[in-house]
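**Student:** Encoded as structure tokens, here's the structure I'll be asking about.
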Amino acid sequence: MSKSPFLDEAVADYVAASTTPPTALEQRLIDETGRLAAGGMQISHPQAQFMTMLTSILRPTLAVEIGTFT
């Protein structure tokens, strides 16, 4: 099921079936962050995997992270 109103359900199902599930630690962090007042602002696990892949491919020398919740 898609958490985003902008993502087609079929695409969300494909992404869920095509990505590695979170590790136990990652799931703990996801759950803990979700309980915070601004927890809804966290990106989904598939989005995090995509960002990891992009940084691995692009190998940036500088990155700026804005908005850390946990």
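**Student:** What ³J(HN,Hα) values, in whole Hz, does the Karplus curve 6.51 cos²θ - 1.76 cosθ + 1.60 give for segment 11-25 when θ = phi - 60°, with x put for Gly and Pro?
**Tutor:** So the Karplus estimates, Gly and Pro as x, are 5, 4, 5, 4, 4, 4, 6, 9, 10, 6, x, x, 5, 4, 5 Hz.
**Student:** Per the helix-only calculation at 222 nm, which mean residue ellipticity applies to the chain, given -39500 (n - 2.57) for every DSSP H run of n ≥ 4 and division by its residues, nearest 500 deg cm²/dmol?
**Tutor:** Rounded to the nearest 500, the figure is -15500 deg cm²/dmol.
**Student:** While we're on this one: Taking all protein chains as present, what is the carbon and sulfur share of the accessible area of segment 1-46, in % to the nearest whole number, probe 1.4 Å?
**Tutor:** Summing carbon and sulfur atoms, their accessible area is 63 percent of the total for segment 1-46.
**Student:** Right, something else. Once R0 is set to 30 Å, what does the formula 1/(1 + (r/R0)^6) return for the Cβ-Cβ distance between residue 8 and residue 61, expressed as a FRET efficiency to the nearest 0.05?
**Tutor:** 0.25
**Student:** Would you mind working out the accessible area per residue for the chain, using a 1.4 Å probe, and quoting it in Å²?
**Tutor:** 87
The values are calculated or read from the model by the stated rules, or taken from the named source; none is laboratory data. Treat the numbers as computed from the prediction; the structure is a model and nothing was measured. We place every Cβ from the backbone using ideal geometry, glycine too, and count neighbours over all the protein chains shown. Only protein heavy atoms, including side chains, enter the accessible area calculation; ligands, DNA and RNA are left aside. Shrake-Rupley method; radii C 1.70, N 1.55, O 1.52, S 1.80 Å.
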